[in-house]
């Protein structure tokens, strides 16, 4: 099972900080597509996000599977 | 009467922090010349010094007189 | 996340107030001749627009990992340097410290370079988000350089917003 | 000169230990978004050569006057900035703080520029002298840029050492 972490505007719009896709495994892009289908209200924001698999930024083609944590990162703004 | 203030290497070599020239008034250059005559051991250092009259850097042609404080400033090194 | 950042903690996220002395002491050592502390605070006015307060949200484990990466990069680029980064999360009032970056180096020129590198990286790479509370509502603050330092992902950048 | 530098003292010379919190608080205010603290300490090793301790001597009234001049220059060059400079005098041990320069600005880029300007001016203009105690004796430390920022005096420079 993949665990998806949501932050900032994405967490706010979905009302969730965590979400588990039905998809047991697949590409990052597939998981994100499923997320947007479930929460169409984030369609605009998702295009500005990066994706981190187990805390490392990855491409949409990257594979995720059981035990992986996929974080959706809206534009960051530390400091 | 002019009061001359001495610092750092100049104070060390002369053994003084203050000195009053016989000259009641004159140019900065004249006072400094008198200082070097009195303390020839600072002949080498004096060429690297700046002179401040009443806390402002002045030229050797500047006049000093009664009540003025002339400071001999070896190369500074704050911080 | 609940505990304050302590002296000798090089990289730290906390909801407690940040401490200037603690972060400075962390980087001071005998061969350091210069140290620079960058302190980012909550500004009341930005180009005339008022901020009431700010809320910082982080992805803590990844933020700490990237802080450590930034620290390692700095120690490679400027040998002999030490870096500590303490970042606050949660709700902050005007004037409160959001981030402290302490850098020590043998000489001052490197300290300025390393400190500027650190704050630019903190702003563009740390998974931390800033929500502004203004008189006309709350919004997520975006910056021009967000994500810049994170691994380049051309596929992502090219698809842009249209794809989803 | 005998008293410690207090919070809200913008320019100060003291034989007492310098205080990081005091100088930072002096420059913090509601429209400051970034503050930078430069901290110069007594380094044990310089290019492999050991220092045992340093003694700083100042011409106090003129040093304070020039600190204020530097502060005014910075406020003109970087509007909205605040500057505080606290300098130590007397005998300092390894690791002790010789100078603290705090600068606050609306934005960070100006803070870096203003801070660097301040330390360069402090090093080249303040009538302060540094005596180094090394294993092979004591000597007055000279720097390349001494006097640079003080009023240019061509007559003086041209005559050089030969004249006296």
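Any read-out appearing in this document is the output of simple, stated calculations on the displayed coordinates, not a laboratory observation. Everything numeric in this text was worked out from a predicted model, so none of it was measured. FYI the Cβ positions are ideal-geometry reconstructions off the backbone, even for glycines, and counts take in every protein chain you see.
Each residue in the range A:66-79 was checked for being more than 25 Å from residue C:118 (Cα to Cα) and in contact with a strand residue (DSSP E or B) (Cβ under 8 Å, 6 or more places away or on another chain), and 3 of them qualify. Of all residues in the range A:27-79, those satisfying the criterion of being surrounded by 22 or more Cβ atoms within 10 Å (Cβ to Cβ), farther than 17 Å from residue A:9 by Cα and in contact with a helix residue (DSSP H, G or I) (Cβ under 7 Å, 6 or more places away or on another chain) are A:64, A:79. Number of residues in the range B:1-26 that are touching a helix residue (DSSP H, G or I) at 6+ places or on another chain (Cβ under 8 Å), touching a residue at least 60 places away in the same chain (Cβ under 8 Å) and not in a helix (DSSP H, G or I) equals 3.
Which of (1) under 11 Å from the mean Cα position of the chain (by Cα); (2) part of a loop (DSSP other than H, G, I, E, B); (3) within 12 Å of another protein chain (Cβ to nearest Cβ) is the odd one out, the single condition residue A:61 does not satisfy? With respect to (1) under 11 Å from the mean Cα position of the chain (by Cα); (2) part of a loop (DSSP other than H, G, I, E, B); (3) within 12 Å of another protein chain (Cβ to nearest Cβ), residue A:61 is out only on (1). Residues that are without any contact (Cβ under 8 Å) to a residue 40 or more places away in the chain and either surrounded by fewer than 21 Cβ atoms within 10 Å (Cβ to Cβ) or within 12 Å of chain A (Cβ to nearest Cβ) (or both) number at least 2 in the following strands (runs of 3 or more DSSP E) confined to the range C:33-146: C:137-140. Taking the range A:27-58 as the range and being part of a loop (DSSP other than H, G, I, E, B) and touching a strand residue (DSSP E or B) at 6+ places or on another chain (Cβ under 7 Å) as the test, the residues that pass are A:49, A:54.
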